[in-house]
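> The structure's right below; bear with me while I get my questions together.
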Amino acid sequence: MKSLKAQHHRLSSSEEEIQILESDMPGFSGDRFASELENSNLFPLKPTQIEVLQINLGKMCNQVCKHCHVDAGPDRKEIMTRETMKECLEVIRNHEINTIDLTGGAPEMNPDFRWFVEQVRAIDSEITLIVRCNLTIILANPKYHDLPEFFKNNKIEVASSLPYFTAMKTDSQRGDGVFDKSIKALKLLNVQGYGVEGSGLILNLVYNPSGAFMPAAQSGLEAEFKKRLSDNFGITFNSLFTITNLPISRFLEYLLRSNNYEAYMEKLIESYNPVAAAGVMCRNTISVGWDGYLYDCDFNQMLELKVSSEDSQHIRDWNQQSLTSREIIVKNHCFGCTAGAGSSCGGTTA
Ligand code: SF4
Ligand code: SF4
């Protein structure tokens, strides 16, 4: 097989990404993840129950981060329509979903974002409602300045990426000036009570490594972030989630460009943890694409791998029974979720 090293600089399609992930490589085969699951008695991987609906409101974003697995940016036009949102609301109204996790792109850039949040709250005042806010959106345009107040009024949990507590590392991953704007936005959230003890308003930060390495222990990093953000900026937050970069999209391009793909995959494979495998987020989550199609997770969504339940591939055709008994589609990118202490949108899993 031709070496993958430095072969690609810009991936042209999700098919090409899947080809790479399915390639036999020295030391591991294209279906290595499935074999590991088999050894752990977890293959085929099945859901436990569907508790979380993660909804991608669109790929438009005010940032263009280096490792974005969504390949989001200001020029992306894919956006969820109000009609598809209404189909999501039908599912929320009629099923026992306990968490709605809104993501993008920058979900707040969808013109119907606020309408959708209010509709969800009208259906269920207690449901956990998370927004993955990139922080800088709050300052991007006056029309977003009141987002912290809007979040508070709708009892939204805020989850925000902050690659590091210094400007240099944050800006190198997310763009010039992002760190300063993120700090300003965090202060505005703190003013509303977010991340402040006793307020009940949750502000979690998300850390992902800036290169081809796995995150350090979540608890140690959280303590360090808390100390540095408090000492240097007076900022408080609730928890830090560490996330392992999965080898897809812009991060896969980076791995190939920097000749790190094989070494990174080897690291993930040798760190396979069966406990983390049993707790992967696709077992209790369904990911909804901007156009309403359903996926096992956000990563499979980016690889255009729809759920295997053929009668329930779109939100309008939601079939709880079929989705709960489906087989989750796994490929070698899944090693990113099962390495070490595990990785999910809510941090470690083991
Ligand atoms: S803020 Fe998030 S969605 Fe936007 S480019 Fe960065 S990683 Fe992607
Ligand atoms: S990448 Fe998706 S499908 Fe694979 S283990 Fe992780 S959450 Fe599950």
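> Near residue 241, within a Cβ-to-Cβ distance under 15 Å, what is the net charge of the other residues, with Lys and Arg +1 and Asp and Glu -1?
Its environment carries a net charge of -3.
> What is the local net charge at residue 125, summed over the other residues whose Cβ is closer than 12 Å to its Cβ (Lys, Arg +1; Asp, Glu -1)?
Neighbour charge sum, excluding residue 125 itself: -1.
> Still on this structure, please answer the following. Restricting to DSSP loop positions (anything but H, G, I, E, B) with no more than 14 other Cβ atoms inside 10 Å of their own Cβ, which GluC sites (Glu not before Pro) remain in the stretch 147-255? Write out the running numbers ahead of the final one.
Numbers: sites: 149, 157, 197, 222, 224, 253; in loops: 197.
Within the stretch 147-255, the qualifying GluC sites (Glu not before Pro) (loop, at most 14 other Cβ atoms within 10 Å) are 197.
> While we're looking at this one, here's another question. Relative to the Cα centre, what is the charge dipole magnitude of the chain, using +1 at the beta carbon of each Lys and Arg, -1 at the beta carbon of each Asp and Glu, and rounding to the nearest 20 debye?
The calculated dipole for the chain is roughly 980 debye.
> Residues in the stretch 194-225 near a label at residue 152, defined as backbone nitrogen under 14 Å from the 7 Å Cα→Cβ point?
From the stretch 194-225, the list is 194-203.
> What fraction, in whole percent, of alpha-carbon pairs in the stretch 214-350 exceed 27 Å separation? Walk me through the numbers on the way to the answer.
Working: 3037 of 9316 pairs.
When all Cα pairs of the stretch 214-350 are counted, 33 percent exceed 27 Å.
> What residue among 296, 71, 124 shows peak mean-square fluctuation when the chain is described by a Gaussian network model with Cα springs under 10 Å?
Result for the chain, Cα springs under 10 Å: 124 fluctuates most.
> For the stretch 24-66, which trypsin sites (Lys or Arg not before Pro) are both in a DSSP coil and crowded by at most 10 other Cβ atoms within 10 Å?
Passing sites in the stretch 24-66 do not exist.
> Tell me the GluC sites (Glu not before Pro) within the stretch 34-123 that lie in a loop according to DSSP and have at most 16 other beta-carbon atoms within 10 Å.
Here the sparse-neighbourhood loop sites are 51, 78, 96.
> Relative contact order of the stretch 4-338, please, whole-number percent, based on alpha carbon pairs below 8 angstrom and at least 6 residues apart.
26
> While we're here: Once you have the alpha carbon radius of gyration of the stretch 144-303, what is it after dividing by 2.2 N^0.38 Å, with N set to its residue count? Display every interim value, and only then the final one.
Working: Rg = 17.4 Å, N = 160, 2.2 N^0.38 = 15.1 Å.
Taking the Cα Rg and dividing by 2.2 N^0.38 Å, one obtains 1.15.
> How high is the FRET efficiency between residue 319 and residue 77 when r is their beta carbon distance and R₀ equals 30 Å, given to the nearest 0.05?
Efficiency at R0 = 30 Å is approximately 0.50.
> Pop out the ³J(HN,Hα) list for the stretch 270-280 in order, Karplus 6.51 cos²θ - 1.76 cosθ + 1.60 with θ = phi - 60°, rounded to Hz; leave Gly and Pro as x.
5, 9, 3, 10, x, 5, 5, 4, 5, x, 4
> Amide H neighbours of residue 101 under 5 Å, at least 5 residues apart or on other chains, H built in the peptide plane: list them.
Those lying under 5 Å, H to H, from residue 101 are 53, 54, 55, 130.
> While we're on this one: Calculate the tail of P(r) for the stretch 25-126: the fraction of all Cα-Cα distances greater than 23 Å, expressed in %.
In whole percent, the long-distance tail amounts to 48.
> How much mean residue ellipticity at 222 nm does the chain get from its helices, if each DSSP H run of length 4 or more adds -39500 (n - 2.57) and you divide by all residues, to the nearest 500 deg cm²/dmol?
That comes out to -10000 deg cm²/dmol.
> I want to verify a result. In a Gaussian network model of the chain, Cα cutoff 10 Å, which of these has the top mean-square fluctuation: 256, 42, 53?
42
> OK, next. Using θ = phi - 60° and the Karplus relation 6.51 cos²θ - 1.76 cosθ + 1.60, list the HN-Hα couplings for the stretch 194-207 in order, rounded to whole Hz, with x at every Gly or Pro.
3J(HN,Hα) across the stretch 194-207, in whole Hz: 4, x, 9, 3, x, 7, x, 9, 8, 10, 10, 10, 10, 10.
> Can you list residues whose amide H is under 5 Å from residue 71's amide H, if they're 5+ apart or on another chain and H is modeled 1.01 Å from N?
Close amide H contacts, sequence-distant or interchain: 250.
> With a sphere of radius 11 Å drawn around the Cβ of residue 167, what net charge do the other residues whose Cβ falls strictly inside it have (Lys, Arg +1; Asp, Glu -1)? Don't skip to the answer; put the middle values down first.
Working: positive: 169, 174, 181; negative: 171, 176, 180.
Within the 11 Å Cβ shell, the charges total 0.
> What do you get for Rg/Rh over the chain if you use C-alpha atoms and the Kirkwood form of Rh?
Value, to two decimals: 0.95.
> Tell me, how many Å apart are the Cα centres for the stretch 218-283 and for the stretch 66-95?
Centre-to-centre distance over Cα atoms comes out at 24 Å.
> Over the stretch 109-267, what is the relative contact order in whole percent, taking alpha-carbon pairs under 8 Å and six or more residues apart? List each step's numbers first, then the result.
Values: 196 pairs, mean separation 29.8, N = 159.
Value for the stretch 109-267: 19 percent.
> Still on this structure, I have one more. Apply the Karplus parameterisation 6.51 cos²θ - 1.76 cosθ + 1.60, with θ equal to phi minus 60°, to every residue of the stretch 242-247 and state each ³J(HN,Hα) to the nearest whole Hz, in sequence, with x for glycine and proline.
Each residue's phi maps through the Karplus curve to give 9, 10, 7, 5, 8, x Hz.
> Determine the gain in length on full extension of the stretch residue 31-residue 224; use 0.36 nm per residue of separation and subtract their C-alpha separation, reporting nm with one decimal.
Taking 0.36 nm per residue and subtracting the Cα distance, the gain is 65.7 nm.
> Filter 152/187; 59/155; 66/181; 143/181; 169/226; 169/227 down to the pairs with a C-alpha to C-alpha distance above 19 Å, please.
Long pairs (Cα-Cα over 19 Å): 59/155.
Every number here is computed from the coordinates shown, using simple stated rules; none is lab data. It should be emphasised that the depicted structure is a prediction, and the values quoted were computed from it without experimental measurement. So basically every Cβ, Gly included, is an ideal-geometry build from the backbone, and we count neighbours across all protein chains shown.
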